[in-house]
Amino acid sequence: MKRLLVLAGAGMLLAGAGAARAWDYEAHRAINLLALATLPTNYPAFVRAPEAVERIGFLAGEMDRWRNTPDLPLKHYSFPDHYMDVEELADYGLDPRLLPVFRYDFIARLALIRQAQPAKFPAPAPGTDADHTRQLVGLLPWAIAESVGKLKSGFSYLKAYEADGTAEEIANARANIVYVMGVMGHLVGDAAQPLHVTRHHHGWVGENPNHYTTSRRIHSWIDGGYFSQTGGVNAAALESRLRPARPVRMDDRPARPEETFQVAMLYVLAQNQQVESLYQLEKEGQFSGEGEDGRAGRAFLEKQLLVAAQMLGDFWYSAWQEAPPDTFLKGYLAKRKRAAAPEGP
């Protein structure tokens, strides 16, 4: 594959990712850095500066750091953005392809359905829902779509500042873009870990005719333990399997800007289709980490890392391409420029 991104520091770019030990911070970091490697050479160059590359890699773990806090309002705000229990939508009679674009419309719909069927949706047991997230199903596709919007906004106002702003304003706008790119990478990465998009997130629940594991340990093992035991993530080897970034797609065509949520939802649904494959591999011992057979599951997880990096690069590319002019800011800066101009004779 012809590389569209040429970095003088390419070795530095993947050095930290190549030694990754888990699908925790290290693998999230690898996803962000691999996504950077898909961007074309005409993508704004400031994101390839060594300090920006490091920042984007570091920010891959930011949302998990928020989870470490005892602050319940922050947990309530951020925790549902990490997941979506897709199968629970059927309990509510909701078609995942027809969900509202706005997160609060979705939450309101869930609340109305629960209110109409209290016996079907009993309240969480006392003491089990301190952050009030247990009845939210998960908001991951909305969080992804909203992040794309934030990145578009960043590129919109960066263009205005580059035309009529100060050096400090341009630097701040670029720093904001780097921040959004890094943090949204965590969301796209979470969606590619199949246990983040299923009700079977900590062992198989409900009817289990195939006798899949019900151990809660499976989630942490897939997130981190398995890669750690089998030598970590070799991101440098994975990079050659990526294609160049392109606009995100819907039904084999470039998606329209207003379809961003649908693209994110379809991405989540596609990863949900991998859940039973993951459990089957675990049942066959391919995630044991012991012997040749126990290492066979690496191919499945490496494929998911690549899926995440590819999707993330496409979202970054699309946000840059689709960013509209920030007409309000352009008008403000033009007015400021006129006011600062010296008066004529």
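Quick notes
- With the convex hull of the Cα atoms taken as the outline of the range 188-336, the averaged projected area works out to 12.5 nm².
- Rg/Rh (Cα only; Kirkwood hydrodynamic radius) as it applies to the chain: 1.01
- Among the protein heavy atoms of the chain, carbon and sulfur supply 55% of the accessible surface, probe 1.4 Å, non-protein parts ignored.
- Each residue of the range 302-315 was assigned a 3J(HN,Hα) from its phi angle through the Karplus expression (A = 6.51, B = -1.76, C = 1.60, θ = phi - 60°), giving 5, 4, 5, 4, 5, 4, 5, 4, 5, 5, 5, x, 5, 5 Hz with x at Gly and Pro.
- Accessible area in square angstrom per residue, the range 143-292, 1.4 angstrom probe: 44
- Per residue, the solvent-accessible area of the range 25-131 (1.4 Å probe, heavy atoms of protein chains only, all protein chains present) comes to 50 Å².
- The convex hull drawn around the Cα atoms of the range 209-267, when projected onto a plane and averaged over every direction, covers 7.5 nm².
- Debye-sum result for the range 85-235 in log10 I(q)/I(0), which assumes one identical scatterer on each alpha carbon, at q = 0.20 Å⁻¹: -1.30
- As a calculated quantity, the FRET efficiency between K303 and R67 at R0 = 30 Å, using C-beta atoms, amounts to about 0.70.
- Cα-based helix-to-principal-axis angle, 260-272 vs the chain, degrees rounded to 10: 30
- Loop sites here are trypsin sites (Lys or Arg not before Pro) outside DSSP states H, G, I, E and B with no more than 12 other Cβ atoms within 10 Å. The longest part of the chain free of them is 217-345.
- Per the Debye calculation on the range 43-155 with a single equal scatterer at every Cα and no solvent contribution, log₁₀ I(q)/I(0) for q = 0.13, 0.16 Å⁻¹ amounts to -0.65, -0.89.
- The calculated pair-distance distribution of the range 135-200 uses every alpha carbon pair, bins of 10 angstrom beginning at 0, and gives 20, 38, 24, 13, 5, 0 percent.
- Here the Karplus curve 6.51 cos²θ - 1.76 cosθ + 1.60, taken at θ = phi - 60°, turns the phi angles of the range 157-164 into couplings of 7, 4, 4, 5, 5, 5, 7, 9 Hz, with x standing for Gly and Pro.
- Potential lengthening of the chain between D91 and Y104 amounts to 2.8 nm, from the contour at 0.36 nm per residue minus the alpha-carbon distance.
- A convex hull fitted to the Cα coordinates of the range 254-305 yields 72 cubic angstrom per residue.
- Taking the C-alpha atoms of the range 259-345, convex hull volume expressed per residue in Å³: 135
- Kirkwood Rh in Å, taken over all unlike Cα pairs in the range 18-94: 15.0
- Inter-label distance for E207 and I170, nm, one decimal - labels placed 7 Å from Cα along Cα-to-Cβ: 6.3
- Two-site label geometry, Q117 and Q280: point separation in nm, points 7 Å out along Cα→Cβ: 3.0
- Counting only DSSP H runs of at least 4 residues, each contributing -39500 (n - 2.57), and dividing by the residue count of the chain, the helix-based mean residue ellipticity at 222 nm comes to -17000 deg cm²/dmol.
The values are calculated or read from the model by the stated rules, or taken from the named source; none is laboratory data. For clarity, every value in this text was computed on a predicted model and none was experimentally measured. Ideal geometry is used to build each Cβ from the backbone, glycine not excepted, and the neighbour counts take in all protein chains shown. These area figures cover heavy atoms from the full protein model, side chains too; ligands, DNA and RNA do not enter into them. Shrake-Rupley method; radii C 1.70, N 1.55, O 1.52, S 1.80 Å.
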